[in-house]
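In what follows, a structure is listed as structure tokens, so that the remarks can point back to it.
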Amino acid sequence: MEGFFEMFSYSFMIRALVVGIPVALCAALLGVSLVLKRYSMIGDGLSHVGFGALAIAAAFNLAPLHVAVPIVVIAAFLLLRLSENSKINGDSAIAIISSSALAIGVIIATMANGMNTDINSYLFGSILATSDSDAVLSLILSAVVIVLFIFCYNRIFAVTFDETFARATGTKTNVYNMVIALLTALTIVLGMRIMGTLLISSLIIFPALTSMRVCKTFKKVIVCSAILSVVCFVVGVSASYMLETPTGASIVATNIVAFVLFWIVGKVKNSN
Amino acid sequence: MALLTCNKATMSYDGRVVLKDLSFKVNAGNYLCIVGENGSGKSTLMKGILGLLPPAGGSFDFSDGLQQKEIGYLPQQSAIQRDFPASVWEVVMSGVLNKKGFGGFYNRADREKAVSNMEKLNITKLKKRCYGELSGGQQQRVLLARALCATGKLILLDEPVAGLDPIATNDMYEIINDLNRKEGITVIMVSHDIVSAVDHADHILHLSSSGEVFFGSTSDYTHSDLGSRFLFHNCSCNVCRMKEHNHHIYAQNHREGEV
């Protein structure tokens, strides 16, 4: 317990929580929609593109966010198009873009400063990587996402549940998809510094999947995912501090535990 | 008065012209069935009516105070909805969104509408159930209740009985009949089930991939070339035999009349 409170005496820990909690919340909310629309892979694809962008930024000594934000946003629109277009196989297209971005990123990073710990922290995240500007952006982003989910909740449900019906009855589904893709891109760029490019997509996918084991209505899934995501994030960060384990991996591990617990609860509930 | 007028509509899909200069009218209170083999342009026509795909030529005109977004649409069930965590109530309520502004909060009138439509379709006691755990027939009723929340005038049904068992199929046809006769709701139904289509609908639109089109009343259809070719398909069930019989008598009388 002492260790838990001691953790708050370090400013980098506070910053990590200030950046991370809103990001975890946004990722969970957006994740419900993405997972249910079978767009989970977009999150994974975007994080790899983000890695490439960070490598470029580091190589040319540019501010990471200034490079990563525009590149990942463009990639988000592109991936959304690919997934919507039934003629191209969306899954393979995303896989190709992911691995290409990763490959290019590694080459650029290695050419610039040799294969060093920097790449490791990109891939698996680092609690030390967040800055004050990250914290500001993170708070703004989460405010936007929360407002969107409160005011457009019914529309988001309609678009997620049945896009064709929503479009036929006059909802601008393209706008909603684009807004969600844009916010997802921002969430990923912010989150991948802590979580790492390889692990950030778990922040989007896990809470939704875990909640769906137990919750059977959309509203409950949304609320449960948001709470679960924040709890797992805080528990994961604390555990990583006290056990000296890598931060991103600890958060994912916490999510795994939560998933297994919910899965068991869901099984028991169903068998009754 | 015509609720929907399809005015020389030409629809193309993937750069291929699927429907050319198609014209037909649906009056208030009609029950129109759209039939035809796969690839004849049924779904494309439906997308045109719903405004999901703009026509390459011609137009779909709505009158009588009906807007395009006020069509109560019952989509074909897709795999994506099967395990969706949503309560019946949440699904039915989402039907009222077409009358809302940007955000879309529900008010008391919306909730009352949803309640009354659920009563109409006898799904009130399913209100709190999870949509994904219902049977196929129940799911269709829920989606139909949602469609009714979106409209008071016209429902457009895409293969409403596909994948349903025979009992649920009959139930569905009965519900649609009731909505048409008792509630006065205009019905447009896309169907593969041509025998039932002829049994229930008062108008038929038959599309074929060769470009041949029939539009008219059901009795005219059963005696048309296109209709008889489709209805009498070496099937020896009672319904088909009866129809074949009637058709022969009709044709005979016609010939005698001509002589």
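Does region B:213-230 contain at least one residue that is modelled with pLDDT under 80, loosely packed, with under 13 Cβ neighbours inside 10 Å and part of a helix (DSSP H, G or I)? Checking region B:213-230: at least one residue is modelled with pLDDT under 80, loosely packed, with under 13 Cβ neighbours inside 10 Å and part of a helix (DSSP H, G or I). Scanning region A:57-81 for residues that are without any contact (Cβ under 8 Å) to a residue 60 or more places away in the chain and surrounded by fewer than 19 Cβ atoms within 10 Å (Cβ to Cβ) turns up A:Ala57, A:Ala59, A:Phe60, A:Asn61, A:Leu62, A:Ala63, A:His66, A:Pro70, A:Ile74, A:Leu78, A:Arg81. Out of the residues in region A:211-235 meeting the condition of being of a type outside the set (A, V, I, L, M) and under 15 Å from the mean Cα position of the chain (by Cα), tell me which one is farthest from the other protein chains (Cβ to nearest Cβ). Looking at residues that are of a type outside the set (A, V, I, L, M) and under 15 Å from the mean Cα position of the chain (by Cα), I get A:Phe233.
Residues checked against (1) of a type outside the set (A, V, I, L, M, F, W, C); (2) more than 14 Å from chain A (Cβ to nearest Cβ); (3) surrounded by fewer than 17 Cβ atoms within 10 Å (Cβ to Cβ):
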site	(1), (2), (3)
B:Ile34	no, yes, no
B:Ile49	no, no, no
B:Ala56	no, yes, yes
B:Asp61	yes, yes, yes
B:Gly72	yes, no, no
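The one condition from (1) within 14 Å of chain A (Cβ to nearest Cβ); (2) in a loop (DSSP other than H, G, I, E, B); (3) at pLDDT below 85 that B:Pro85 does not meet is (3). Tallying residues that are in a helix (DSSP H, G or I), modelled with pLDDT under 90 and not hydrophobic (A, V, I, L, M, F, W, C) within region A:1-44 yields 9. Going by the conditions given, is A:Leu183 more than 12 Å from chain B (Cβ to nearest Cβ) and either polar (S, T, N, Q) or in a helix (DSSP H, G or I) (or both)? Yes; evaluated as a whole, the condition is true for this residue.
Looking only at region B:108-135, residues that are under 25 Å from A:Cys215 (Cα atoms) and without any contact (Cβ under 8 Å) to a residue 12 or more places away in the chain come to 4 in all. If the condition is being facing another protein chain (nearest Cβ under 7 Å) and either under 14 Å from B:Leu156 (Cα atoms) or not aromatic (Phe, Trp, Tyr) (or both), then region A:155-170 contributes A:Arg155, A:Ala158, A:Asp162, A:Thr164, A:Phe165, A:Arg167, A:Ala168, A:Thr169, A:Gly170. Applying the condition of being among the basic types (Lys, Arg) and in contact with a strand residue (DSSP E or B) (Cβ under 8 Å, 6 or more places away or on another chain) to region B:94-142 and asking which residue is surrounded by the fewest Cβ atoms within 10 Å (Cβ to Cβ) yields B:Lys128.
Consider region A:1-22. How many of its residues are touching a residue at least 60 places away in the same chain (Cβ under 8 Å) and either among the small types (Gly, Ala, Ser) or at positive phi (or both)? I'd like the intermediate steps shown before the answer.
Of all residues in region A:1-22, those touching a residue at least 60 places away in the same chain (Cβ under 8 Å) come to A:3-4, A:7, A:12-13, A:15-22.
From what's left, either among the small types (Gly, Ala, Ser) or at positive phi (or both): A:3, A:16, A:20.
Residues in region A:1-22 being touching a residue at least 60 places away in the same chain (Cβ under 8 Å) and either among the small types (Gly, Ala, Ser) or at positive phi (or both): 3 in total.
Cβ-Cβ distances below 8 Å connect the following pairs, each with a first residue in region B:148-161 that is of a type in the set (Lys, Arg), a second residue that is at pLDDT 90 or above and surrounded by fewer than 24 Cβ atoms within 10 Å (Cβ to Cβ), and a separation of six or more residues or different chains: B:Lys153/B:Ile185. Restricting the first member to region B:197-218 and to residues that are farther than 12 Å from B:Gly41 by Cα, and the second to residues that are acidic (Asp, Glu) and surrounded by fewer than 19 Cβ atoms within 10 Å (Cβ to Cβ), the beta-carbon pairs closer than 7 Å and six or more apart or on different chains are B:Ser217/B:Asp202; B:Thr218/B:Asp202.
Are any of the residues in region A:174-196 of a type outside the set (Gly, Ala, Ser) and touching a Lys or Arg at 6+ places or on another chain (Cβ under 8 Å)?
Of the residues in region A:174-196, the ones of a type outside the set (Gly, Ala, Ser) are A:174-180, A:182-184, A:186-190, A:192-195.
Then keep just the ones that are touching a Lys or Arg at 6+ places or on another chain (Cβ under 8 Å); that gives A:176.
Yes, because at least one residue in region A:174-196 is of a type outside the set (Gly, Ala, Ser) and touching a Lys or Arg at 6+ places or on another chain (Cβ under 8 Å).
Taken over region A:174-201, the criterion of being closer than 28 Å to B:Gly51 by Cβ, out of contact with any Leu (no Cβ under 7 Å at 6 or more places or on another chain) and buried (at least 20 other Cβ atoms within 10 Å of the Cβ) is satisfied by A:Tyr176 alone. Can you tell me which residue among B:Leu45, B:Leu22 is at pLDDT 85 or above, crowded, with 21+ Cβ neighbours inside 10 Å, of a type in the set (A, V, I, L, M) and more than 15 Å from the chain's Cα centre (by Cα)? Result: B:Leu22 is the single residue among B:Leu45, B:Leu22 that is at pLDDT 85 or above, crowded, with 21+ Cβ neighbours inside 10 Å, of a type in the set (A, V, I, L, M) and more than 15 Å from the chain's Cα centre (by Cα).
Among the candidates B:Asn117, B:Asn122, single out the residue that is touching a helix residue (DSSP H, G or I) at 6+ places or on another chain (Cβ under 9 Å), more than 20 Å from B:Ile167 (Cα to Cα) and more than 9 Å from every other protein chain (Cβ to nearest Cβ).
Numbers: B:Asn122 fails: more than 20 Å from B:Ile167 (Cα to Cα).
Selected residue: B:Asn117, the only one of B:Asn117, B:Asn122 that is touching a helix residue (DSSP H, G or I) at 6+ places or on another chain (Cβ under 9 Å), more than 20 Å from B:Ile167 (Cα to Cα) and more than 9 Å from every other protein chain (Cβ to nearest Cβ).
Evaluate the following for A:Phe165: is it in contact with a strand residue (DSSP E or B) (Cβ under 8 Å, 6 or more places away or on another chain), crowded, with 20+ Cβ neighbours inside 10 Å and either assigned to a helix (DSSP H, G or I) or modelled with pLDDT of 90 or more (or both)? Answer is yes for this residue.
So which of B:Leu143, B:Leu164 ends up being of a type outside the set (Asp, Glu) and either touching a residue at least 40 places away in the same chain (Cβ under 8 Å) or within 14 Å of another protein chain (Cβ to nearest Cβ) (or both)?
On the way: B:Leu164 fails: either touching a residue at least 40 places away in the same chain (Cβ under 8 Å) or within 14 Å of another protein chain (Cβ to nearest Cβ) (or both).
None of the others qualify; the one that does is B:Leu143.
Before we move on, is B:Glu183 acidic (Asp, Glu), at pLDDT below 90 and within 25 Å of B:Glu37 (Cα to Cα)? Spelling it out, it is not the case that B:Glu183 is acidic (Asp, Glu), at pLDDT below 90 and within 25 Å of B:Glu37 (Cα to Cα).
The values are calculated or read from the model by the stated rules, or taken from the named source; none is laboratory data. Keep in mind it's a predicted model, so treat the numbers as computed, not measured. When we count neighbours, we look across all protein chains shown, and the Cβ atoms used for this are built from the backbone with ideal geometry, even at glycine.
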